[in-house]
Amino acid sequence: MALIDCPSCGKKISDKAQSCQHCEFAISQASPEDLARKNSLKKYLQRQGIQNQSMLAMLLFVGGFGFMYWGGVTQEDLQFKLAFAVAVIGFVWYIVNRVRLVFLKKSD
Ligand SMILES: [Zn+2]
């Protein structure tokens, strides 16, 4: 018995199962077109999620930098260091999301 990903909800199920025990998706009755449609919908939602995260990361980055320059704080202030950390986190998070998008496109 092997475990496969349910095409509908993505949880692990037995490849012998007639339907998914998590979402009741009837695998044995699903046509290849059904599976392809489910898969492309999943990809689309994944892409949307990553894009939303990229936006958030960008906001963190811009917000952090904006605060560093226009927040009226000096480099010795804790707020400055926090803003710098937020900007760095936002930047790294943004890059990570771009990479994830590239990999998602490659797996199409
Ligand atoms: Zn399922």
Within the stretch 1-16, how many residues are within 10 Å of the ligand (Cβ to nearest atom) and modelled with pLDDT under 90? 6
So, in the stretch 19-42, exactly how many residues are within 12 Å of the ligand (Cβ to nearest atom) and part of a loop (DSSP other than H, G, I, E, B)? 8
Scan L56, L45 and give me the residue that is within 16 Å of the ligand (Cβ to nearest atom) and in a helix (DSSP H, G or I). L45
For the list (1) at pLDDT below 90; (2) part of a helix (DSSP H, G or I); (3) surrounded by fewer than 15 Cβ atoms within 10 Å (Cβ to Cβ), I need the number of the one condition that G72 fails. (2)
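The values are calculated or read from the model by the stated rules, or taken from the named source; none is laboratory data. Source: prediction; values computed, not measured. Don't worry about glycine lacking a Cβ; one is built from the backbone with ideal geometry, like all the others, and counts go over all protein chains shown.
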